Amino acid sequence: MDDKKIIIIGGGQASCQVAASLRQKKFTGDISILSSESYLPYQRPPLSKKYLSGELAAERLYLKPEKFYEEQNIEVILDSYVEEIDRKKSQLTFSKDKGHKNIEYDNLVIATGTEARLMAKENPNLQGIHYLRSIDDVEMIKSSLKGSKNMVIIGGGYIGLEVAAVANTLGLKVTVVEMASRILERVTSPTISSFYNSFHESRGVKILTNTSVQGINGDNRVSSVETSSGSIDADIVIVGIGVLPCQALAEDAGIKVDNGIVVDEFCKTSDDYIFSAGDCTLHPSHFYNKNIRLESVHNAIEQGKTVASSIIGEKVSYNQIPWFWSDQYELKLQIAGLNNDYDEYVVRGNLDENSFSVFYFKSGYMIASDCINSAQEHMMSRKFISEKTKIDIHRLQNKEISIKEVMS
Ligand SMILES: Cc1cc2nc3c(=O)[nH]c(=O)nc-3n(C[C@H](O)[C@H](O)[C@H](O)COP(=O)(O)OP(=O)(O)OC[C@H]3O[C@@H](n4cnc5c(N)ncnc54)[C@H](O)[C@@H]3O)c2cc1C
């Protein structure tokens, strides 16, 4: 087993975790990471937060220092875009230095993450329009920010709102344009949406809901955004309208995909020799009794560990409650579980104090929570959700009663 050759496609959180966990589990075979990016695996969350604001240095983004890969004998091949998987030959073709190369595998891991959903009405030649997924994107945004006064953010999701908070703090006039009737509509309750809407507006960010973008104007550089609510001056535009799983490589190779690369609870794809982890997977969730695709660091890390276990023959199934966070201004939001089909929710704490939690229930059981500046509530809710703890809702609503004593 230990003379196997493992190839990992992708240079992100999941890929780094697979390699590190394999070595932790004493796997001594060959490990190679093929990444289309020019950087060693790095964390993306700070890109729309402290890295964009300039508070975090680039070196702090890296998940592991260069010497880790040397010491652990993990080969990292950067600037290499994998173009094809030949399953019959157990071989990949990738582009490198303007040429094409082949590499063989015994086990393959696809950890290709997601890519930004592109906007249809965008003029590709206009300067000042940006997406935000990578270090390179942030570098371009930072240089575009110099001399800019008016920022328009298309999409009121977490990343768009994080950028709004940073840009507002840097002194730009920021407008968020959201097509839906409220920001964060896809991911959270009206209470949380309206809290964030008011908070941003109190800091001077303008939020336009029920507003669609009809075009972006400018000669060389963007000058305004045309919307269904009128024209907005803009010298920089950030498009944050969601992401799509990078699954074409798998699909072209005949591996099953369905809004993500379909894996089982051991992160195995429809090919017994090929595994997948992170944002690109559609995986079974025992808690929610359906297949889900997540975009979160926690999922990438845990699936990375699951893949490593599967490769070395340990049968450890992936069975995690999702969690995620978002930092905007001094607000730290921690999200546990999925709240899509709750039938009741309760608020604990005071919205005016910027420290409160919303707990979501289905058929009497907690299924999710959104906790703002309430770390203990977040931690306890993860436990309640995973252990299906019966909660006394009246005790939960009473902040005087410790969160540890709200069971019924
Ligand atoms: C701006 C931003 C802020 C975020 N904030 C948070 C947050 O606050 N909390 C949170 O939990 N999550 C956050 N996320 C999400 C989190 O970063 C992702 O869930 C996580 O990075 C997923 O890791 P991954 O390894 O699956 O994919 P990625 O990190 O996207 O890595 C995929 C890698 O695969 C490479 N690749 C793709 N195709 C190929 C190919 N054909 N050949 C070679 N390489 C390829 C890509 O270049 C990339 O390096 C944020 C993401 C972004 C972009």
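The values are calculated or read from the model by the stated rules, or taken from the named source; none is laboratory data. None of the values given here were measured: they were computed from a predicted structure. In this analysis, Cβ positions are derived from the backbone assuming ideal geometry, glycine residues included, and neighbour counts consider all displayed protein chains.
For (1) near the ligand (Cβ under 8 Å from one of its atoms); (2) in contact with a Cys (Cβ under 9 Å, 6 or more places away or on another chain); (3) hydroxyl-bearing (Ser, Thr, Tyr), each residue gets a yes or a no:
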site	(1), (2), (3)
Lys4	no, no, no
Gly11	yes, no, no
Ser15	yes, no, yes
Ala19	no, no, no
Thr28	no, no, yes
Ile31	no, no, no
Leu40	no, yes, no
Gln43	yes, no, no
Lys49	yes, no, no
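Please work out which residue is farthest from Gly155 (Cα to Cα), limiting yourself to the range 246-291 and to residues that are of a type in the set (A, V, I, L, M) and within 13 Å of the ligand (Cβ to nearest atom).
Ala253
Ser355 falls short on exactly one of the conditions (1) in contact with an Asp or Glu (Cβ under 7 Å, 6 or more places away or on another chain); (2) over 29 Å from Arg293 (Cβ atoms), and that condition is (1).
For the condition near the ligand (Cβ under 9 Å from one of its atoms), surrounded by fewer than 18 Cβ atoms within 10 Å (Cβ to Cβ) and at pLDDT 95 or above, Ser36 qualifies.
Only residues that are on the phi > 0 side of the Ramachandran plot and surrounded by 22 or more Cβ atoms within 10 Å (Cβ to Cβ): list them for the range 159-194, please.
Residue satisfying the conditions is Leu184 alone.
Screening Asn339 on (1) within 26 Å of Glu201 (Cα to Cα); (2) in a strand (DSSP E or B) shows it passes everything except condition (2). Residue by residue through the range 39-67, note down the ones that are surrounded by fewer than 18 Cβ atoms within 10 Å (Cβ to Cβ), of a type outside the set (D, E, K, R) and over 16 Å from the mean Cα position of the chain (by Cα). Passing the criteria: Tyr39, Ser53, Gly54, Leu56, Ala57, Ala58, Tyr62, Pro65.
Could you list, in sequence order, the residues of the range 286-318 that are free of Cβ contacts under 8 Å to residues at least 12 places away in the same chain and in a loop (DSSP other than H, G, I, E, B)? Once the filter is applied, which keeps residues that are free of Cβ contacts under 8 Å to residues at least 12 places away in the same chain and in a loop (DSSP other than H, G, I, E, B), the range 286-318 yields only Asn289.
Checking the conditions here, which among Asn197, Asn220, Asn210 is surrounded by fewer than 24 Cβ atoms within 10 Å (Cβ to Cβ), modelled with pLDDT under 95 and more than 20 Å from the chain's Cα centre (by Cα)? When all the criteria are applied, what remains is Asn220. Among the residues in the range 61-76, are any in contact (Cβ under 8 Å) with a residue 40 or more places away in the chain, in a loop (DSSP other than H, G, I, E, B) and among the aliphatic types (A, V, I, L, M)? Within the range 61-76, one or more residues are in contact (Cβ under 8 Å) with a residue 40 or more places away in the chain, in a loop (DSSP other than H, G, I, E, B) and among the aliphatic types (A, V, I, L, M).
Looking at the range 68-80, is at least one residue over 16 Å from Gln13 (Cβ atoms) and surrounded by 18 or more Cβ atoms within 10 Å (Cβ to Cβ)? Yes, that holds for at least one residue.
Among the residues of this structure, Val243 counts as one that is under 27 Å from Leu132 (Cβ atoms), in contact with a Gly (Cβ under 9 Å, 6 or more places away or on another chain), modelled with pLDDT of 95 or more and within 16 Å of the ligand (Cβ to nearest atom).
One residue alone among Arg395, Arg382 is among the charged types (D, E, K, R), at pLDDT 95 or above and more than 29 Å from Phe266 (Cα to Cα), and that residue is Arg395.
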